[in-house]
1. Taking the Cα centre of the range 10-91 as origin, work out the dipole magnitude from +1 charges on Lys and Arg Cβ and -1 charges on Asp and Glu Cβ, in debye rounded to 20.
2. Between their Cα atoms, which of 97/125; 83/149; 38/149 are more than 22 Å away from each other?
3. What ranking, highest mean first, results for peptides 30-43, 49-62, 13-26 when packing means the other Cβ atoms within 10 Å averaged over each residue?
4. Would you give the gap between the C-alpha center of the range 19-84 and the C-alpha center of the range 1-18, rounded to a whole Å?
5. Tell me which residues come under 5 Å, amide H to amide H, from residue 58 once H is placed; ignore anything under 5 positions away on its chain.
6. Amide H of residue 125 versus every other amide H placed in the peptide plane: which residues, excluding those fewer than 5 positions away on the same chain, fall under 5 Å?
7. Might you report the magnitude of the Cβ-based charge dipole of the range 23-149 about its Cα centre, with Lys and Arg at +1 and Asp and Glu at -1, to the nearest 20 debye?
8. Just the number, please: Stokes-Einstein D of the range 1-149 in µm²/s, Kirkwood Rh from C-alpha pairs, 25 °C, 0.890 mPa s.
Amino acid sequence: LPFTLTDDQQRAVDEIAADLAAERPMMRLMQGEVGAGKTAVAAVVLALAVEAGAQVALMAPTELLAEQHIYAIRGLLGEMAPKSAFLTGSVGGSRRKAILAGIEDGVIRLVVGTHALIEERVRFKRLGLAIIDEQHRFGVAQRAKLGGKGHAVNVLVMTATPIPRSLGLVVRSEEHTSELQ
């Protein structure tokens, strides 16, 4: 990164990295105000996942926000940025075909987009991490569909607005994990 992470950001990276290394899939909520560095943490974490051989999908509720994410991640990671693509409903034709082929054969390691990521035609070779920004703007089925595009996919949801439903997701995930152990 072109800067040093804050102590809180580094702690978040360390905790998420430990979750990614665990045997069970991660389900983590990262809450922080706008400008708190959630995207920087996500960039470091997705780089770790890609380095481990996984593909990463980052889904945002709007095309503008998805575009901001891909530019920010490419800027933060510089030459270390993985081969990435931007996929939204407005991407069509031969460009869309090439992106879909790159995701399916694993050449594209990071795909950032909108609801377009959960379309049937989007098939990952090895999706290991799904990052969902402003997850409260997606339905339960939509979030599950993204995570279902791989086997034992780690999920990181980000929000600046922790609403009870967001917190409930994490609690239910922890309860479910406890039942499995």
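1. Result for the range 10-91 is approximately 60 debye, rounded to the nearest 20.
2. Details: 97/125 16 Å; 83/149 19 Å; 38/149 24 Å.
Long pairs (Cα-Cα over 22 Å): 38/149.
3. Working: 30-43: 17.4, 49-62: 20.7, 13-26: 14.6.
Going by the mean number of other Cβ atoms within 10 Å, highest first, we get 49-62, 30-43, 13-26.
4. 12
5. 111, 112, 113, 131
6. 106
7. Using only the charged Cβ atoms, the result is roughly 360 debye.
8. On the way: Rh = 15.5 Å.
My calculation gives 158 µm²/s for D.
Values in this text are rule-based calculations from the coordinates and carry no lab data. Computed from a predicted structure; not experimentally measured. Every residue, glycine among them, receives a Cβ derived from its backbone with ideal geometry; neighbour counts consider all protein chains shown.
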